[in-house]
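No value in this document is a laboratory result; all are computed from the given coordinates. All values reported here derive from a predicted model rather than from experimental measurement. Reconstructed Cβ throughout: ideal geometry from the backbone, glycine too, with neighbour counts over all protein chains shown.
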Amino acid sequence: MTLYADTPKTLSIADLRAMKQAGEKITSLTAYDASFSALLDLAGIDVILVGDSLGMVVQGHNSTLPVTIQDMAYHSRCVSNARKRAFVVADMPFASYATPAQALNNAAQLMQAGGAQMVKLEGAKTDVIEFLVEQGIPVCGHLGLLPQSVNRIGGYKVQGREPAQAQKILEDALAIEQAGAGLLVLECVPALLAAEITQNLTIPVIGIGAGSACDGQVLVLYDMLNITAGNRPRFSKNFMAEADGVSDAVKRYHHAVKNGQFPAAEHTY
Ligand code: KIV
């Protein structure tokens, strides 16, 4: 084993930036365990997000709020053990990054115990992002619909329809990049706003319900496999409908994003 043993096989943030520059779409899905992690990796998915959506789709809660840092570290480790090529991002759970010191302590668990390559946190917490990046922890921002703020927002709603709110999201995106984030997830915002943000940022922007102009797309795995109880969100698609099994559904998603066929107008606000 050499000092640089892992670097040739696993994608890095530099690879994701190069994809943006080359105009190659980045594919991403959530996963929470080793079996799906290996399956996504083999299908060519570029980024596996260990989302705190696991609180809903794995643990059966009705929001992401009950998810703990121990839960996230455990599921991140399951995922990171099983992938070879994909870049692994893990969510910082609710109330785990209120101060830079608290965020450092918790992010370190996701990277050391969880094996994540980057942590994702919701909102324009630029002081926290700056501090984590200074300590060598890569950060993914998350703007638009912020599921951890569901009680403040009053539901899961499209964000940035009003001009003032759209302007604030654009300014926050620029501030997050300025603070040193390496990726940005944009959730449930109008496609025009997402396109403007994607154009104005040098870091890759991954959309979910944010239109086709983003540098990449992410979906909750169980939604696109049609195994989520309840209604599938408008921005998602059942890739199992025409697929010959789970692996084929993931490959269909991967190709549809790479070719610009997903998301279509019907998945967009
Ligand atoms: O937790 C999650 O799955 C996420 C995606 C919705 C982006 O953050």
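Summary table
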| item | result |
| --- | --- |
| ALA90 long-range amide H proximity, modeled H, under 5 Å | VAL50, GLN117, MET118, VAL119, LYS120 |
| Bridge type composition, the chain - antiparallel percent by DSSP, nearest 5 | 0 percent |
| Under Karplus coefficients 6.51, -1.76 and 1.60, residue-wise ³J(HN,Hα) of the stretch 13-21 in Hz, glycine/proline x | 5, 5, 5, 5, 5, 5, 4, 4, 5 |
| Furthest towards positive pole of dipole, GLY154, SER76, ALA31, structure part the stretch 13-267, Cβ charges | ALA31 |
| Gain on full stretching of the segment that runs from GLN167 to GLN21 - 0.36 nm per residue minus C-alpha separation | 50.1 nm |
| Proxy reagent accessibility, fewest Cβ within 10 Å first, across GLU196, GLU177, GLU134 | GLU134, GLU196, GLU177 |
| ASP127 paired with ARG234, simple spin-label distance in nm, labels 7 Å along Cα-to-beta-carbon | 3.7 nm |
| Centre separation in Å (Cα based) which lies between the stretch 29-99 and the stretch 224-269 | 19 Å |
| Mean shadow area of the chain, taken as a quarter of the surface of its Cα convex hull (nm²) | 13.3 nm² |
| Pairwise FRET efficiency - LYS9 versus TYR156, Cβ, R0 = 30 Å, nearest 0.05 | 0.20 |
| Taking LEU42, LEU225 and counting other C-beta atoms within 10 Å, the order from fewest to most | LEU42, LEU225 |
| Derived scalar couplings ³J(HN,Hα) [the stretch 39-54; Karplus, 6.51 cos²θ - 1.76 cosθ + 1.60; whole Hz; x for Gly, Pro] | 5, 5, 4, 5, 6, x, 4, 7, 10, 9, 9, 7, x, 6, 4, 4 |
| HN-Hα J in Hz across the stretch 233-246 - Karplus 6.51, -1.76, 1.60, θ = phi - 60°, x for Gly and Pro | x, 4, 6, 8, 9, 7, 7, 7, 3, 10, 8, 9, x, 5 |
| Pairwise label distance in nanometres, GLN135 with LEU192, each label 7 Å out on the Cα-Cβ vector | 4.1 nm |
| Cβ-placed point charges (K, R +1; D, E -1), dipole of the stretch 13-267 about Cα centre in debye, nearest 20 | 300 debye |
| Amide hydrogen neighbours beyond the local backbone of PHE262, cut-off 5 Å, H modeled | VAL257 |
| Nitroxide proxy distance, nm - points 7 Å out along Cα→Cβ at ASN226 and ASN105 | 4.6 nm |
| Tensor-based shape of the stretch 77-191 (alpha-carbon gyration tensor, a/c under 1.5 rounded, otherwise prolate or oblate) | prolate |
| Residues ARG152, ARG232, ARG161, sorted so that the one with the fewest Cβ neighbours within 10 Å comes first | ARG152, ARG161, ARG232 |
